[in-house]
Amino acid sequence: MSAALDTVWEVDTPEHLSFRTRVAVPGRRFFAYLIDRMVRGALFFGLTMVFMLISTSFGLPELGTGFMLLILFFLDWSYFVACEHFTGGRSPGKIAMKLRVV
């Protein structure tokens with residue numbers, strides 16, 4: 001018989017305090033990432049549709065493609081930065097899966 005994997009980790013701090021915390025298993029982390037991907041995808045889809053409709057109404061569909069690429073770049077770089085700033089480092093996926101960065 002093999003022993004069950006222990007997911008409780010004891011941390012000793014420089015102040016000589018110790019505390020125990022549960023380590024997030026890969027499954028919970030994967031689902032948190034999947035939720036974050038879905039939120040970013042929904043934001044990307046919504047913003048892309050708005051900019052594509054605006055650019056095609058002015059007769060410039062190439063401008064909409066350029067905006068789409070800028071939106072993708074902005075979302076990839078700013079999503080987790082905004083989560084760090086506004087929610088204390090917890091993205092919507094981490095909140096939904098009850099994960100915490102220690």
With the range 53-102 reduced to its Cα atoms and the Debye formula applied, log10 I(q)/I(0) at q = 0.21, 0.22, 0.27, 0.28 1/Å amounts to -0.73, -0.75, -0.93, -0.96
Treating only the Cβ atoms of Lys and Arg (+1) and Asp and Glu (-1) as charged, compute the dipole magnitude of the chain about its Cα centre; round to the nearest 20 debye. 360 debye
What distance in nm separates the simple spin-label points at PHE45 and VAL23, each placed 7 Å from Cα in the Cβ direction? 3.6 nm
Helix 26-57: inclination vs the chain longest Cα principal axis, degrees, rounded to 10, gives 10 degrees
For the chain, calculate the relative contact order in percent as a whole number, restricting contacts to Cα pairs under 8 Å that are 6 or more residues apart. 25 percent
Among 90-99, 34-43, how do they line up from the highest to the lowest mean number of other beta-carbon atoms within 10 Å? 90-99, 34-43
Under 17 Å from the PHE86 label point (7 Å along Cα→beta-carbon), backbone N, the range 13-44: 36-44
Among ALA24, GLY41, ILE71 the positive-end extreme of the charge dipole of the chain (Cβ point charges): ALA24
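Using only the Cα atoms, work out Rg/Rh for the chain, with Rh taken as the Kirkwood radius, to two decimals.
1.22
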Helix-only mean residue ellipticity at 222 nm, the chain, DSSP H runs n ≥ 4 weighted -39,500 (n - 2.57), per residue, nearest 500. What is it? -22000 deg cm²/dmol
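No lab work stands behind these numbers, since they all come straight from the coordinates. All of these numbers come straight from a predicted model, not from anything done at the bench. Don't worry about glycine lacking a Cβ; one is built from the backbone with ideal geometry, like all the others, and counts go over all protein chains shown.
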